[in-house]
Amino acid sequence: MSILTQGTHLHLHNEIGKLGERLIRFGQALQNPDTTVGQLTALASSCGIKLKLRAVAESEARSDG
């Protein structure tokens with residue numbers, strides 16, 4: 001078991017808080033249709049997330065039979 005000093009504990013708490021703020025910003029950007037792929041990639045990276053996107057064409061059922 002490791003012993004954390006008061007300074008280390010505060011630093012760790014602060015870093016976790018900053019990560020939480022970045023994750024919130026990333027989540028908000030995911031919900032915003034105006035967010036670009038570049039912005040999402042940068043926000044994900046700031047959270048330690050490697051963002052991989054794949055575009056798939058959506059096809060509609062043919063009605064001509």
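The values are calculated or read from the model by the stated rules, or taken from the named source; none is laboratory data. Nothing here was measured: the structure is a model prediction, and the numbers come from that model. When we count neighbours, we look across all protein chains shown, and the Cβ atoms used for this are built from the backbone with ideal geometry, even at glycine.
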Would you please list the contacts, defined by Cβ atoms under 6 Å and residues six or more apart or on different chains, that run from a residue in the stretch 3-18 that is closer than 16 Å to Gly48 by Cα to a residue that is among the polar types (S, T, N, Q) and at pLDDT 70 or above? none
Identify, from the list Thr35, Thr41, the residue that is assigned to a loop (DSSP other than H, G, I, E, B), surrounded by 10 or more Cβ atoms within 10 Å (Cβ to Cβ) and at pLDDT 95 or above. Thr35
If I filter the stretch 50-62 for residues that are among the small types (Gly, Ala, Ser), loosely packed, with under 10 Cβ neighbours inside 10 Å and either under 13 Å from the mean Cα position of the chain (by Cα) or assigned to a helix (DSSP H, G or I) (or both), do I get at least one hit? no
